[in-house]
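S.K.: Can you keep this structure in mind? I'll have questions shortly.
The values are calculated or read from the model by the stated rules, or taken from the named source; none is laboratory data. Quick caveat, the model's predicted, so the values are computed rather than measured. Cβ placement follows ideal geometry from the backbone for every residue including glycine, while neighbour counts extend to all protein chains displayed. When the accessible area is computed, the model is the full protein with side chains, heavy atoms only, and any ligands, DNA or RNA have been set aside. Shrake-Rupley method; radii C 1.70, N 1.55, O 1.52, S 1.80 Å.
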Amino acid sequence: MCCDLKRRFLLLYATQKGQAKAIAEEIWQQAGAHGLEADIHCMSEMDKYNLETEKDPVVIVISTTGTGDPPDTARKFVRKIRDTTLPPDHFAHLQYGLLGLGDSEYTFFCNGGKTVDRRLQELGAQHFYDTGLADDCVGLELVVDPWIDGLWLALKEAFLLQKEKEGMSSDVDAVSSSLSADPHIVHELNLSSEVQNLKLEDGGVRSSGVLTQKLVDISLVASTGDTEPSLVHSVPPVSQSALNIPALPPEYIEVQFQDIHGENPHLSSLISEGTTFEVPVTKAVQLTREDAIKTALLLELDIADTVFDYQPGDAFCVICPNNVNEVEELLHILGLSEKGDYLVCVKVKQGTKKKGATRPQHIPERGTLKFILTWCLEIRAVPKKAFLRALVECTSDGREKRRLQELCSRQGSSDYTRFIREPNVCLLDLLHAFPSCKPSLNLLIEHLPKLQARSYSVSSSNLHQPGKLWFVFNVVEFPACPTRAVSRKGVCTGWLAELVAPLLHPNKNTLDGRGGSPSTEKISIFARPNNTFHLPADPSVPFVMVGPGTGISPFIGFLQHRQRLRKEHTDWEFGETWLFFGCRHQDRDYLFKQLRCFLENGTLTHLKVCFSRDSSTAEVAPPKYVQDVIRLYAKEVARILLKEGGYFYVCGDKKHMADGVSDAVVDIISMEMEVDKLEAMKILATLREAKRYLQDVWS
C-alpha cells in the first residue's frame, strides 16, 4: 500500500498506574500491521493534539482512580471539556471510540471513562465504535483483547465513510482491499520433539502482533500423571493449542553501570503528586491481641514542624521501599549482587522502534542499582502479559518457554487469571518457577511499574491534638501457596511493622496520648486530601458511621473533632451521631474500647457493636455483622437519611462489608418508604449523588 494511504488516527491515553498506557501502546504496535498509523499521546500533552480541529478518528484509553475520578493525567482535559460555555455541537465533527478501565469492586465502576464518554456525547461527538468497559476485578483482558480485535474493522469503516464524505471514492477500493487483508498473517512454528531445541522460526511477515503456533509434535505435554494444571504445567486443550501471543514489545531502555560513588536522588524527587514531608514516628501501639487473626497497629506521626495540614476523613500517602531481602534475592537471581552499589545510568536506547520512547519518570537518570530496585520499581507487581511475552525471549528451557507463551496467550487467559493474577504472583515467584529465565535489568525497568506510595486514612483531628497525625492499619499477610513458595507481608505494612517494632506497647492508652517512647525513625509522607469524606459542614446535621475493623479509623478523627467542637462551642446545636462497629472477637480485636468515652461525654449518641466469631449462649443469637445490626435500627436510619437530611458514612472492606451495608440500606428505604427495591436503589443513588451516602472502601 502506498505511504499516502496509510491512514492516521489519534490515540490518547490517560493512566494512573500505567495500565491504560500499556494498552494504548499495544494498539499502537498493532496499528502498523493493519496499514494504519496511530498518533499516540498522553491526554495531558494537550499541546500535541487538538480535538477542536481533529479530522481523523480518535481512540481513547482511560482508567479510573480514587472514588471514580479520572486519572491525574486526564484532569486538565476533563476540566476543559466540562466548560459549561461550550456549545452542544462543539465536537460535532469528532468520531471516537473509548475503552474505559475500572474495577467493579468499587461503586463508580469505570467512572473516569464514563465521564469523558458522556461529556463528548453531550458536545456532539459521535461513536465510530462501541465503548468498552474493562473490569480489573475479573481481568481486563476479557474485554480489552476482543475490543482491540474489533477496533480495526471499525476504523476501516470509519475511514471509508470519511473518504465517501470527502468525495474521494477513487481511493476507497484501494484502502478497502489493503485493510481487508488477513489481519493475522501467521508464523508457523515447528516445535521439535526435542524440548531443548524449541525455536521460534520467523519465516513469515509479522502482522498484528499475533503469533500463531502450529504444533507439529505434541511432545511438550507432560506425563499423563500430571492431570492438573499449575503455574509451570499445562494440560489439554491449552497444552495442545496453537497459540495467539502478543507482539514482542520493542526494547527501549539502555543501562550502563559505573563503579563509582554517587549520591542517590532524594525520595521527594520521585513524587509528582505534591510536597513530601519527612516526619518522625512518635508512638506505635498494637491494638490487637497476639492471638488475633490480624495484627492492627496505630502509629502517631509528629507533623508539628511541617506545614502538612489535614481534615478528619482525609487520606495521606506513605512512601515505602521494597523488602530489602527481596531486593537482595532479585539481585542474586539476576547475577548482579556485586553491582548493587554501582551507579546505573538509564537512557533511551538508540534506534528503538518504540515511538516516543522516554525514560520512565519514576526512574532517576542516575542512581544506584539497589536504590532503583528498592524505591522506584514495584517488584511485587503482578506481571502483565506483555512482560511475560518479553520473558519468553530470556528463557532457555523449552518447557518453560512454552509455558510462558501459554500464560501470555489468548488461549491461556484462564490459566493466567488462575495462576498469576488471582494469587498475586510477582516477578520473584516467576523467576523461581522458571529458573532458566534470566531477564536483563533494562527489561525490568521497561516492564515493572512505579512503586506506588500507599494511601491511609487519617485517624485523628488536628483540632483535638495539634501537630499530631494518627493512622491505623492491619499488617497485610500473603500466605505461602502453590504459586508462592514463601509467605510475605504487605510491602508498606510489613515495612512499617518492622520499623516500629521497638516502639510497640500492646493495648496501651491509645486514645489519651500516652504510651510509646521517643523514636528517631522517620517516614516520608504527602497529602492526598479527600474532597467529600468529611464531617457535615453544619454540626446540627445528624450522621451515621459504619466502620468495622480498621474501617473505624477515620471515625476516630471525626469523634475527636466533634468532641473538641462541643467543648469550644457550648452554644452550638449538634446533631445525633451513630457508630456501628464490628470485629471478630470482643477480647482480641476490639480496636478502640475507649469509644465508650465518646459515648459517656455525649460526643457519640449511639454505639452499636457486634462480634462475628464470638459464641453466644443467648436464646436468640446476636447479629454477627454491621449490616445485620443496621437492619435492627431501620426506622432510626431511615429517619436520619430521609427526613432529617443526615449523612451516612461507610469505611472498610468493599466486597465483604460495604456491599452488604448498601443492600441493608436499600432494604430499609424500601420498607420504610413502601417502595419496591428498584425505586429504593434509585433513592440511594440520589443520596450518593448528593454526597450524603459516602464510602471510603478498599478491596
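S.K.: Starting from a Cα-only point model with no solvent, please compute log10 I(q)/I(0) by Debye for the chain at q = 0.11, 0.12 1/Å.
M.R.: -1.30, -1.44
S.K.: Return one whole number: the accessible area per residue of the chain in Å², for a 1.4 Å probe.
M.R.: With all protein chains present, the chain gives 45 Å² per residue.
S.K.: Where the centre of each part is set by its Cα atoms, how far does the range 73-87 sit from the range 474-492, in angstrom?
M.R.: Each part reduced to its Cα centre gives a spacing of 43 Å.
S.K.: Excluding residues fewer than 8 places away in the same chain, name every one of the aspartates and glutamates whose C-alpha is closer than 17 Å to that of residue 347.
M.R.: Cα-Cα hits under 17 Å: 251, 254, 365, 446.
S.K.: More than 21 angstrom separation, counting every C-alpha pair in the range 429-499; what % is that? Can you show the working numbers first?
M.R.: Values: 1344 of 2485 pairs.
Roughly 54 percent, rounded to a whole number.
S.K.: Here's something else I'd like to know. Spin-label point model (7 Å from Cα, Cβ direction): what's the residue 644 to residue 306 distance in nm?
M.R.: Inter-label distance under the simple model: 3.7 nm.
S.K.: Let me ask you something else. List the pair-distance distribution P(r) of the range 543-697, using every Cα-Cα distance, as the percent of pairs falling in each 10 Å bin from 0 up to the bin containing the longest distance, rounded to whole percents.
M.R.: Values per bin, smallest distances first: 10, 39, 35, 14, 1.
S.K.: Is the shape of the range 7-163 best called rounded, prolate or oblate, per the rule: a/c under 1.5 gives rounded, else a/b larger than b/c gives prolate, else oblate, with a ≥ b ≥ c the square roots of the Cα gyration tensor eigenvalues? Don't skip to the end; give the middle numbers.
M.R.: Numbers: a/c = 1.59, a/b = 1.08, b/c = 1.47.
Oblate.
S.K.: Any number yet on Rg/Rh for the range 605-699, C-alpha, Kirkwood? Display every interim value, and only then the final one.
M.R.: On the way: Rg = 14.0 Å, Rh = 14.2 Å.
On the Cα set of the range 605-699, Rg over Rh gives 0.98.
S.K.: So what's the back-of-envelope 222 nm ellipticity for the chain, counting only DSSP H runs of four-plus at -39500 (n - 2.57) apiece and dividing by all residues, rounded to 500? Working shown, then result.
M.R.: Values: 18 runs with 189 residues, N = 699.
After summing the helix terms and dividing by residue count, I get -8000 deg cm²/dmol.
S.K.: Using a Förster radius of 41 Å, what is the FRET efficiency between residue 355 and residue 328 based on their Cβ-Cβ separation? Nearest 0.05, please. All intermediate terms of the calculation are to be shown ahead of the outcome.
M.R.: Numbers: r = 36 Å, r/R0 = 0.89.
After rounding to 0.05, the efficiency reads 0.65.
S.K.: Could you give me the ³J(HN,Hα) list for the range 89-96, computed from phi with Karplus coefficients 6.51, -1.76, 1.60 and θ = phi - 60°, whole Hz, x at Gly and Pro?
M.R.: 10, 4, 10, 4, 7, 8, 10, 8
S.K.: Using only the Cα atoms of the range 350-423, what do you get for the radius of gyration and for Dmax, in Å?
M.R.: Cα radius of gyration and Dmax of the range 350-423 are 15.4, 41 Å respectively.
S.K.: Out of all DSSP beta bridges with both ends in the chain, state the antiparallel percent to the nearest 5. Please list the in-between numbers first.
M.R.: On the way: 44 of 87 bridges.
Looking only at bridges with both residues in the chain, the antiparallel portion is about 50 percent.
S.K.: Right, next: How much net charge surrounds residue 10 when only other residues with a Cβ under 9 Å from its Cβ are counted (Lys, Arg +1; Asp, Glu -1)?
M.R.: Details: positive: 8; negative: 39, 54, 56.
That works out to -2.
S.K.: Mind checking which aspartates and glutamates have their Cα closer than 14 Å to the Cα of residue 48? Skip sequence neighbours fewer than 8 apart in that chain.
M.R.: 39
S.K.: In percent, how large is the relative contact order of the range 543-697, given Cα pairs closer than 8 Å and 6 or more residues apart? Mind dumping the intermediate values first?
M.R.: Values: 219 pairs, mean separation 38.6, N = 155.
Relative contact order of the range 543-697: 25 percent.
S.K.: For a quick check: with amide H placed at 1.01 Å from N, whose amide H comes under 5 Å from residue 575's, ignoring anything fewer than 5 positions away on the same chain?
M.R.: 540, 541
S.K.: Go through the range 31-48 residue by residue and turn each phi into a ³J(HN,Hα) via Karplus (6.51, -1.76, 1.60, θ = phi - 60°); whole Hz please, and just put x for glycine and proline.
M.R.: For the range 31-48, the Karplus-derived couplings read 4, x, 6, 9, x, 10, 10, 8, 8, 9, 8, 5, 4, 6, 7, 6, 7, 9 Hz, x marking Gly and Pro.
S.K.: Take the eigenvalues of the Cα gyration tensor for the range 266-396, scale each by 5, and report the square roots as semi-axes in whole Å, largest first.
M.R.: Working: eigenvalues 240, 93, 50 Å².
After diagonalising the Cα gyration tensor, the semi-axes are 35, 22, 16 Å.
S.K.: Stretched out fully, how many nm does the piece from residue 85 to residue 149 gain, at 0.36 nm a residue minus the Cα gap?
M.R.: Extra length available between residue 85 and residue 149 comes to 19.3 nm.
S.K.: Non-local amide H neighbours of residue 11 (under 5 Å, H modeled in plane, Pro and chain starts lacking H): which ones?
M.R.: 39, 40, 41, 59
S.K.: Would you mind checking 165/355; 17/294; 76/468; 489/522 for any pair whose Cα atoms are more than 24 angstrom apart?
M.R.: Numbers: 165/355 31 Å; 17/294 28 Å; 76/468 34 Å; 489/522 20 Å.
Violating the 24 Å limit, Cα to Cα: 165/355; 17/294; 76/468.
S.K.: Using label points projected 7 Å from each Cα along Cα→Cβ, tell me how many nm separate residue 8 and residue 678, to one decimal.
M.R.: According to this spin-label approximation, the distance is 4.9 nm.
S.K.: Taking a cut-off of 19 Å between Cα atoms, list the lysines near residue 163, but don't count ones fewer than 8 places away on the same chain.
M.R.: 6, 55
S.K.: What's the local net charge at residue 324, with K and R +1, D and E -1, over the other residues with C-beta under 14 Å away?
M.R.: Working: positive: 370, 380, 488, 489; negative: 326, 328, 329, 341, 498.
Charge balance near residue 324 sits at -1.
S.K.: Still on this structure, please answer the following. For the chain, what's the relative contact order in percent, using C-alpha pairs closer than 8 Å and at least 6 residues apart? Please report the intermediate quantities before stating the final value.
M.R.: Details: 1359 pairs, mean separation 80.6, N = 699.
After rounding, I find 12 percent.
S.K.: Now a separate question. Multiplying the sequence separation of residue 293 and residue 455 by 0.36 nm and subtracting their Cα-Cα distance, what value in nm do you get?
M.R.: 56.0 nm
S.K.: If I model a spin label as a point 7 Å beyond the Cα along the Cα-Cβ vector, how far apart are those points for residue 137 and residue 417 in nm?
M.R.: My value for the distance between the label points is 1.3 nm.
S.K.: Compute the angle between helix 553-568 and the longest alpha-carbon principal axis of the chain, please, reported from 0 to 90 degrees and rounded to the nearest 10.
M.R.: It is inclined by approximately 40 degrees.
S.K.: Residue by residue, what Karplus-based ³J(HN,Hα) values in Hz, rounded to whole numbers, does the range 240-245 have, using 6.51, -1.76 and 1.60 with θ = phi - 60° and x for Gly and Pro?
M.R.: 10, 8, 6, 10, 9, 10
S.K.: For the chain, with all protein chains present and a 1.4 Å probe, just round the carbon and sulfur fraction of the accessible area to a whole percent. Kindly include the intermediate steps, with their values, before the conclusion.
M.R.: Working: 15690 of 31730 Å².
The value for the chain is 49 percent carbon and sulfur by accessible area.
S.K.: Say R0 is 60 Å: what FRET efficiency, to the nearest 0.05, do residue 537 and residue 227 get from their beta-carbon distance?
M.R.: Efficiency computed from Cβ-Cβ geometry: 0.40.
S.K.: Can you compute the FRET efficiency between residue 685 and residue 393 using 1/(1 + (r/R0)^6), with r the Cβ-Cβ distance and R0 = 56 Å? Round to the nearest 0.05. Don't skip to the answer; put the middle values down first.
M.R.: Values: r = 49 Å, r/R0 = 0.88.
The pair residue 685/residue 393 has a calculated efficiency of 0.70.
S.K.: Given the Cα-Cα distance of residue 624 and residue 440 and 0.36 nm per residue of separation, how much length would full extension add, in nm?
M.R.: Numbers: separation 184, 0.36 × 184 = 66.24 nm, distance 5.19 nm.
Extra length available between residue 624 and residue 440 comes to 61.1 nm.
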